[in-house]
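The values are calculated or read from the model by the stated rules, or taken from the named source; none is laboratory data. This structure is a prediction, so every number in the text was calculated from the model and none was measured. Quick reminder, even Gly has a Cβ in these numbers, built from the backbone with ideal geometry, and neighbours come from all protein chains shown.
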Amino acid sequence: MYLQHFGLRETPFSLTPDTSFFFACSSYQEALNTLLVAARNGEGFIKITGEVGNGKTLLCRKFLATLSQGVQTTTLIGTQNQTADVATAQSFITAYIPNPYLEPKSLLLALAEEFRVPLEKDADQHLLLKGLTRALLECARNGQRALVCLDEAQAMPLESLEVLRLLTNLETEKRKLLQVVLFGQPELNERLRHHSIRQLRQRISFQYDLQGLRKNELERYLRHRLAVAGFAGETLFSASAVGKLHRITGGTPRLVNIVAHKALMLAFSDGRQQVSARHIRDAAADTPEVRRDWLPWAVALTGAALVVSLGIARMVLQ
């Protein structure tokens, strides 16, 4: 591997959504701010959409981590129980469901497990709802806020979305007992247009469409990830490599990471200390999802055609 060659502690462009690599580009920061404002205002439904590979899962994990760092928070994710104390009195109990492709009862069971709700072995849907309601009321009495994040929400059955809406009907005189954050691909918007869940759609008070990296953000993104991975220099990517990388990936973080990782491997195999545009080109050739960098070739062909046309025209005039 190329780590020692470039003086790195770890792989800088892994696809694992590690929050230590979170880069606050304009879109990510705006989305994170939207989430934090909505959560602290006690809103019922919050929606974050974004194309495949734009970093929704990383944003979700960063949001949960920020809640735990910025407020007095008890975070329950699986079997983890983490507590952080700071000056503010706000407290959240959060749950994270990475795969919400669950029918209503299974979704309620997953929520009950996340919120540590004691249930009978063969509890039916009615008892699940009752147990969750008790748990949410107990949270409110203790001054805590319950929040659940659902990733890949575009895959949720309509019936399960309706169950979530019913859970958000529960409220005190001041606020909702449960806040729901939906992270999904653009198909989530189509799903929410379904007539049967129009009531849920009306309750989405905050939403944001997550975009990729802008052209002027890509170099800083690469530098940031390299620095987190232990690189002590300025950058490993030439200016031409950065420009080509943005053209072929459109700034989609997942594609950037895939191509950048391959390009580092190619530079290492060449014994080079910097990634060139050629390394990006060769890495892209092995990555089906990237855009084909056809523009320079199109310009060249157009120029050749123009020369030929002018030559033919000159011959005709003579």
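Remarks
- Selection of region 208-239 for residues being surrounded by fewer than 17 Cβ atoms within 10 Å (Cβ to Cβ) and within 30 Å of E187 (Cα to Cα) yields D209, R214, K215, N216.
- Output for region 102-153, where each listed residue is out of contact with any Leu (no Cβ under 8 Å at 6 or more places or on another chain) and either at positive phi or among the hydroxyl-bearing types (S, T, Y) (or both): S106, G143, E152
- Selection status of R145, under 21 Å from R61 (Cβ atoms), surrounded by fewer than 16 Cβ atoms within 10 Å (Cβ to Cβ) and assigned by TED's automatic domain parsing to the domain that holds P104: no
- Within region 247-258, the only residue that satisfies the criterion of being among the aliphatic types (A, V, I, L, M) and surrounded by 24 or more Cβ atoms within 10 Å (Cβ to Cβ) is V256.
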